[in-house]
Amino acid sequence: MKTIASFTVDHDKLEKGMYISRIDGDAVTYDIRMKKPNGGDYLTNGAMHTFEHLFATVARNSTLSDSVIYVGPMGCRTGFYLILRDSVSSEDAIALVQESFRFIADFSGKIPGSERKECGNYLDHDLEGAKAVARDMLKVLENYTVDRLQYEK
């Protein structure tokens with residue numbers, strides 16, 4: 001079988017940040033790398049789950065909501081994928097991620113979609129963990145520019 005694109009990225013060189021992972025037709029997949037791959041520090045399940053609920057809620061309620069295809073975690077627990085229509089500029093994609101992460105860092109209250117009838121694992125949430133990850137990533141994403149969206153070769 002053909003090796004999929006994400007497995008061709010040298011994860012030993014990959015740092016925290018935001019990258020264009022692939023472009024498929026009118027869909028652009030952004031790799032939002034929140035932990036250093038194979039670094040021994042990974043997103044915990046509860047923090048990742050809460051982060052997903054908050055990130056997806058913000059992105060799907062933003063001015064770009066009609067262009068949001070998918071928001072979800074990576075199985076390796078080092079980050080998230082954000083898939084947007086190609087009508088969204090890279091600058092706007094970065095701004096959406098920054099806005100979403102600021103929202104998560106400052107969030108208080110009931111986690112959206114966290115009731116038993118709304119979520120398949122409603123007991124596994126960690127708001128403080130999600131907020132800590134968002135705060136850390138906001139430092140990484142501060143002054144982030146389009147030229148940084150490419151993987152290092």
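What follows is calculated from the coordinates using simple rules that are stated; it is not laboratory data. All figures in this text were calculated on a predicted structure; none of them were measured in a lab. Ideal geometry is used to build each Cβ from the backbone, glycine not excepted, and the neighbour counts take in all protein chains shown.
Quick check for the chain: number of Lys pairs with alpha-carbon distance under 12 Å, counting only pairs 8 or more apart or on different chains?
Numbers: K13/K36; K13/K153; K16/K35; K16/K36; K16/K139.
Lysine pairs meeting both conditions in the chain amount to 5.
Note: relative contact order over the chain, using C-alpha pairs below 8 Å and six or more positions apart, is 29 percent. Running Debye on the range 15-140 with equal point scatterers at the Cα sites and no solvent, what base-10 log of I(q)/I(0) appears at q = 0.10, 0.12, 0.14, 0.21 Å⁻¹? The Cα Debye sum returns log10 ratios of -0.28, -0.41, -0.57, -1.27. Here the convex hull built on the C-alpha positions of the range 1-56 has a volume of 123 cubic angstrom per residue.
Once fully extended, how much extra length lies between Y70 and R116, figured as 0.36 nm per residue of separation less the alpha-carbon to alpha-carbon distance? Before the final figure, lay out each step's value.
Values: separation 46, 0.36 × 46 = 16.56 nm, distance 2.24 nm.
Between Y70 and R116, full extension yields an extra 14.3 nm.
Note on the chain: dipole from Cβ charges, positive end direction compared against Y30, Y144, L127; the farthest Cα belongs to L127.
Which loop trypsin sites (Lys or Arg not before Pro) in the range 11-43, with loop taken from DSSP, have no more than 14 other Cβ atoms within 10 angstrom of their Cβ? Provide the component values of the computation, followed by the final result.
On the way: sites: K13, K16, R22, R33, K35; in loops: K13, K16, K35.
When the trypsin sites (Lys or Arg not before Pro) of the range 11-43 are filtered for loop state and at most 14 Cβ neighbours within 10 Å, K13 remain.
Axis of helix 45-59 versus longest Cα principal axis of the chain: the two differ by about 80°, to the nearest ten degrees. The share of Cα pairs per 10 Å bin across the range 80-153, counted from zero up to the longest distance, runs 16, 39, 31, 13, 1 percent. Counting only alpha carbon atoms, the long axis of helix 90-106 and the longest principal axis of the chain meet at about 30°.
Extents of the range 19-86, taken as max minus min of Cα coordinates on every principal axis and listed largest first, are 35, 23, 14 Å.
Which value, in debye to the nearest 20, describes the size of the charge dipole of the chain about its Cα centre when Lys and Arg Cβ atoms bear +1, Asp and Glu Cβ atoms bear -1, and nothing else is charged? Walk me through the numbers before you get to the answer.
Values: 19 positive and 23 negative charges, 58 e Å.
Here the size comes out at about 280 debye.
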